[in-house]
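Q: Structure below; questions to follow.
The values are calculated or read from the model by the stated rules, or taken from the named source; none is laboratory data. As the structure is a computational prediction, the values presented were derived from the model and not from experiment. Heads up, the Cβs are rebuilt from the backbone with ideal geometry, glycines too, and the neighbour counts pull from every protein chain shown. What goes into the accessible areas is simple: the full protein's heavy atoms, side chains included, and nothing from ligands, DNA or RNA. Shrake-Rupley method; radii C 1.70, N 1.55, O 1.52, S 1.80 Å.
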Amino acid sequence: MVEKTDLKKIFIKTYGCQMNVYDSDRIADVMAPSGYVRTEQLELADMVVLNTCHIREKASEKVYSELGRLANLKEHKKLEGKDFVVALAGCVAQAEGEEVRRRAPCVDIVVGPQTYHRLPYMVAEASTAKNLVLDIEFPTISKFDLMRSKLGSDNKDQSVSAYITVQEGCDRFCNFCVVPYTRGAEYSRPMVDILKEAKNLIDNGARELILLGQNVNAYHGVDIDGTEVGLEILINNLSKLGDLIRIRYTTSHPKDMSENLINAHGKIPQLMPFLHLPVQSGSDEILRLMNRQHTVKDYMKIIEKLRKVREDIVFSSDFIVGYPGETDADFRSTLKLIDSVKFGQAFSFKYSVRPGTPAADLPNQIPEELKKERLTELQDLIDKQQRNFNLNCVNLELPILFERESNEGSQISGRTPYMQWVNIPKNFENIGDIYNVVITEGYAKSLGGKIIKNKNKPTTNKEESRSQRVTL
Ligand code: 5AD
Ligand code: SF4
């Protein structure tokens, strides 16, 4: 039992994707029994964790420069006679391993994404160890099993929109990507554990659940009788938990978009009409060189099927420009694909060489200048589409789930079914409520609106936007 006076402060800085945000919350959970409470003020911390991302080069460089600053802070604390534990967690930790000792000697602990449940022991070890404490194994027992009771009962996340990791790792091995190496082989959590965690989150006020996984639609967790179930079964079970208005999932691979999952979009009202489905490139030759295992035609077919079962569905995607061997014609094909799908939003990146991945050794690497030019052109097109989409929402009546206050409490912000943020002046409404809002303004990245109907009861809400088709 930890006495109140023994409490220490832990500062966790998160880089990268939503999975890391989720992992950071779990790191805070596993450290709590050892007397660590989370702080948002680095100067007050007894321990700092950098939960890192390795997906692109810039991300890991940012981490090393942050470690430089932490080394100074650690020196200062030492002069004041205070301990300061520096832990490097996540994918940079996994990928760099021993190398961290050389590049950032201020680091006490290196812990990979699969072993952070062991962090309390590592902290105890670090207090006596002279050397770096390192654990970047891929253990045979999943961290989820080891943290099961924690995830099922004590998770006090009070977000209106809460994340649950349902799947981790990836077996797709796209040639540019480090995830199969840093996060390891694909693993799906048992369905019952996820349902328990979801129930707990809903009891704590969650109205939207975002199911996370590096390749989330490859989900194939076991049911209690040991049979494997797909993502659509998990979503269907979640939709029956009551009081849950919205369900989303991210990130998906086109090859794992099963017919059952596609059809679920037409059957489960809580499943939001918005899907992040990365295509990466609009050129079949580049997709082949990327080992994406799908063609442009396959991708377009999936889009068409999803639109058939849920006509108002809106898509988002990831794009990589300047992949080795990408010709101008390949790049134009990507623009053509964007033009024909019309995305509600999208993320785009310059190809970044990741040592150890097959693409790093491909011939015809593209010069940085050309990558930059292509990225700007592609982003201009995406921005134009996003702005058009937002403008085309003006005058529509959309259900908005309010998630937070903004502008020092003068506004309340929520999302449309299509993930757009809507900000309205705060009046009588509450966080966690869903209201029908008429959209009055469309901006580049958000919307403005006016509440026109009283609060929807979650049980009667069938996401009335279904009847309204948004023009893209
Ligand atoms: N270079 C650039 N972008 C990358 N991504 C993954 N690896 C790389 C890389 N080496 C992008 C992909 C992926 C997203 C999460 O990050 O578009 O979908
Ligand atoms: Fe990486 Fe996604 Fe490809 Fe898996 S499917 S290797 S996570 S880009």
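Q: Could we say that Leu209 is assigned to a strand (DSSP E or B), more than 18 Å from Gly169 (Cα to Cα) and either within 16 Å of ligand 1 (Cβ to nearest atom) or open to solvent by less than 20 Å² (accessible area, probe 1.4 Å) (or both) here? Walk me through it before giving the result.
A: On the way: assigned to a strand (DSSP E or B): yes; more than 18 Å from Gly169 (Cα to Cα): yes; either within 16 Å of ligand 1 (Cβ to nearest atom) or open to solvent by less than 20 Å² (accessible area, probe 1.4 Å) (or both): yes.
Yes, satisfied.
Q: Tell me whether region 366-379 contains one or more residues that are open to solvent by 60 Å² or more (accessible area, probe 1.4 Å), away from ligand 1 (no atom under 12 Å from the Cβ) and closer than 27 Å to Asn217 by Cα.
A: Yes; the residues of region 366-379 include at least one that is open to solvent by 60 Å² or more (accessible area, probe 1.4 Å), away from ligand 1 (no atom under 12 Å from the Cβ) and closer than 27 Å to Asn217 by Cα.
Q: Identify, by number, the condition in (1) of a type outside the set (Gly, Ala, Ser); (2) away from ligand 1 (no atom under 16 Å from the Cβ); (3) under 17 Å from Lys255 (Cα atoms) that Asn217 doesn't meet.
A: (2)
Q: Continuing with this model, one more query. Considering each of Ala346, Ala360 in turn, give the residue that is assigned to a helix (DSSP H, G or I) and either within 16 Å of ligand 1 (Cβ to nearest atom) or loosely packed, with under 14 Cβ neighbours inside 10 Å (or both).
A: Just one listed residue meets the conditions, Ala360.
Q: When residues of region 74-96 are filtered for being open to solvent by less than 10 Å² (accessible area, probe 1.4 Å) and of a type in the set (Gly, Ala, Ser), how many remain?
A: 4
Q: So, in region 372-425, of the ones that are without any contact (Cβ under 8 Å) to a residue 60 or more places away in the chain and acidic (Asp, Glu), which residue ends up farthest from Gly448 (Cα to Cα)?
A: It comes out as Glu373.
Q: Now, a different point. Would you call Gly282 at positive phi and within 16 Å of ligand 1 (Cβ to nearest atom)? Outline the logic, then answer.
A: Values: at positive phi: no; within 16 Å of ligand 1 (Cβ to nearest atom): yes.
Considered against the rule, which asks whether it is at positive phi and within 16 Å of ligand 1 (Cβ to nearest atom), Gly282 comes out as no.
Q: Also: For region 157-182, give me each residue that is more than 8 Å from ligand 2 (Cβ to nearest atom), out of contact with any Gly (no Cβ under 9 Å at 6 or more places or on another chain) and aromatic (Phe, Trp, Tyr).
A: Tyr163
Q: Pull out all pairs, ordered by first then second residue, where Cβ-Cβ is under 7 Å, the residues are six or more apart or on different chains, the first lies in region 315-341 and is over 22 Å from Cys177 (Cα atoms), and the second is outside any loop (DSSP other than H, G, I, E, B) and among the small types (Gly, Ala, Ser).
A: Sorted first by the residue in region 315-341, then by its partner, the list stays empty.
Q: Check whether at least one residue in region 260-272 is modelled with pLDDT of 95 or more, out of contact with any helix residue (DSSP H, G or I) (no Cβ under 7 Å at 6 or more places or on another chain) and surrounded by 22 or more Cβ atoms within 10 Å (Cβ to Cβ), and report yes or no.
A: Within region 260-272 (the criterion being modelled with pLDDT of 95 or more, out of contact with any helix residue (DSSP H, G or I) (no Cβ under 7 Å at 6 or more places or on another chain) and surrounded by 22 or more Cβ atoms within 10 Å (Cβ to Cβ)), the answer is yes, since at least one residue qualifies.
Q: Considering each of Glu75, Glu61, Glu40 in turn, give the residue that is without any contact (Cβ under 8 Å) to a residue 12 or more places away in the chain and more than 23 Å from Val179 (Cβ to Cβ).
A: Values: Glu61 fails: more than 23 Å from Val179 (Cβ to Cβ); Glu40 fails: without any contact (Cβ under 8 Å) to a residue 12 or more places away in the chain.
Just one listed residue meets the conditions, Glu75.
Q: Another question about this same structure. Out of the residues in region 164-206 that are basic (Lys, Arg) and more than 16 Å from ligand 1 (Cβ to nearest atom), which is surrounded by the most Cβ atoms within 10 Å (Cβ to Cβ)?
A: Of everything passing the filter in region 164-206, Arg189 is surrounded by the most Cβ atoms within 10 Å (Cβ to Cβ).
Q: From the list Leu277, Leu287, Leu306, which residue is within 16 Å of ligand 2 (Cβ to nearest atom), closer than 30 Å to Lys240 by Cβ and buried (at least 21 other Cβ atoms within 10 Å of the Cβ)?
A: Criteria check complete, one pass: Leu277.
Q: Okay, next question. Wholly within region 1-66, which strands (runs of 3 or more DSSP E) include no fewer than the required count, namely at least 1 residues that are more than 16 Å from ligand 1 (Cβ to nearest atom) and open to solvent by 20 Å² or more (accessible area, probe 1.4 Å)?
A: Because the criterion is at least 1 residues that are more than 16 Å from ligand 1 (Cβ to nearest atom) and open to solvent by 20 Å² or more (accessible area, probe 1.4 Å), the strands (runs of 3 or more DSSP E) in region 1-66 that meet it are 8-14, 36-38.
Q: Does Arg387 satisfy the criteria of being loosely packed, with under 15 Cβ neighbours inside 10 Å, at pLDDT 95 or above and under 26 Å from the mean Cα position of the chain (by Cα)?
A: Yes, satisfied.
Q: Condition first: open to solvent by 10 Å² or more (accessible area, probe 1.4 Å) and touching a Gly at 6+ places or on another chain (Cβ under 8 Å). Can you find one or more residues in region 227-234 that meet it? Quick ask: steps written out before the conclusion?
A: Going residue by residue through region 227-234, those that are open to solvent by 10 Å² or more (accessible area, probe 1.4 Å) are 227-230, 232-233.
When the remaining residues are screened for being touching a Gly at 6+ places or on another chain (Cβ under 8 Å), the result is 228-229.
Yes, region 227-234 contains a residue that is open to solvent by 10 Å² or more (accessible area, probe 1.4 Å) and touching a Gly at 6+ places or on another chain (Cβ under 8 Å).
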